[in-house]
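The values are calculated or read from the model by the stated rules, or taken from the named source; none is laboratory data. For clarity, every value in this text was computed on a predicted model and none was experimentally measured. Quick reminder, even Gly has a Cβ in these numbers, built from the backbone with ideal geometry, and neighbours come from all protein chains shown.
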Amino acid sequence: MLKDIPYNQFILEVNRQLTSGGIFLNTMGEKVNTMVIGWGGINVFWGKPIFIVPVRKSRFTHRQLEDSGEFTISVPLDQDKHLKSALAFCGSKSGKDYDKFKECGITPAPAKILNTPIVGECPLHYECKVVYKQDIIPENLNKGINEKWYPDYHTLYFGEILACYIKE
């Protein structure tokens, strides 16, 4: 059973998971896809709860987000070995070349509001509609950060959190 919760109830856990193993960013377009993000987070912009996700322009997910304008986030909250393995695979392979759900034995389950599915095995989920996007502008970026992190630049997608829920 999925129970609606406040978007910020698990914000510390989301931040911990981002920095310690990543979370699933799910998209729908040409096909259902998931990738792993280790950057991003929950903020408030324009009086709305916003999940910011950075996606490099070269990624299959970038094209999916451009086409659909929506995404879901699925957060593993424990150290489940199966999900750790899925995170490792989905963080290193392209959805252009693989059906990551099939390869990892994870389930694309229906979301509550959006067409984009969630990872059924994860307990915590966010459904987001893109309300703004911004490409990283190399000239505006600190030189050290640019040299260390950028062979390929991100687009930052600001997704209004339309639903947040946990599996009971």
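Each row is one residue, and each column tells you yes or no for (1) in contact (Cβ under 8 Å) with a residue 40 or more places away in the chain; (2) out of contact with any Leu (no Cβ under 9 Å at 6 or more places or on another chain); (3) not β-branched (Val, Ile, Thr).
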site	(1), (2), (3)
THR107	no, yes, no
PRO117	yes, yes, yes
CYS122	yes, no, yes
CYS128	yes, no, yes
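A single member of GLY120, GLY105 is under 29 Å from SER85 (Cα atoms) and surrounded by fewer than 12 Cβ atoms within 10 Å (Cβ to Cβ), and it is GLY105.
The residues of the stretch 27-50 that are in contact with a helix residue (DSSP H, G or I) (Cβ under 9 Å, 6 or more places away or on another chain), in a strand (DSSP E or B) and in contact (Cβ under 8 Å) with a residue 60 or more places away in the chain, listed by number, are THR27, ASN33, THR34, MET35, ILE42. Taking each residue of the stretch 9-20 that is within 17 Å of PRO54 (Cα to Cα) and looking for partners that are not acidic (Asp, Glu) with beta-carbon atoms closer than 6 Å, six or more apart or interchain, yields VAL14/VAL75; GLN17/ILE23; GLN17/VAL75; LEU18/GLY38.
Answer with yes or no whether LYS3 is of a type in the set (D, E, K, R), more than 15 Å from the chain's Cα centre (by Cα) and modelled with pLDDT under 90. Judged against the criteria, LYS3 is not a match. Quick one: in the stretch 42-61, which of the residues that are at pLDDT below 95 and of a type outside the set (Ser, Thr, Tyr) is surrounded by the fewest Cβ atoms within 10 Å (Cβ to Cβ)? Among residues in the stretch 42-61 that are at pLDDT below 95 and of a type outside the set (Ser, Thr, Tyr), the one surrounded by the fewest Cβ atoms within 10 Å (Cβ to Cβ) is LYS57. Taking the stretch 135-168 as the search range and keeping residues that are over 26 Å from PHE10 (Cα atoms) and among the polar types (S, T, N, Q), which one is surrounded by the fewest Cβ atoms within 10 Å (Cβ to Cβ)? Only one residue tops the list, namely ASN140.
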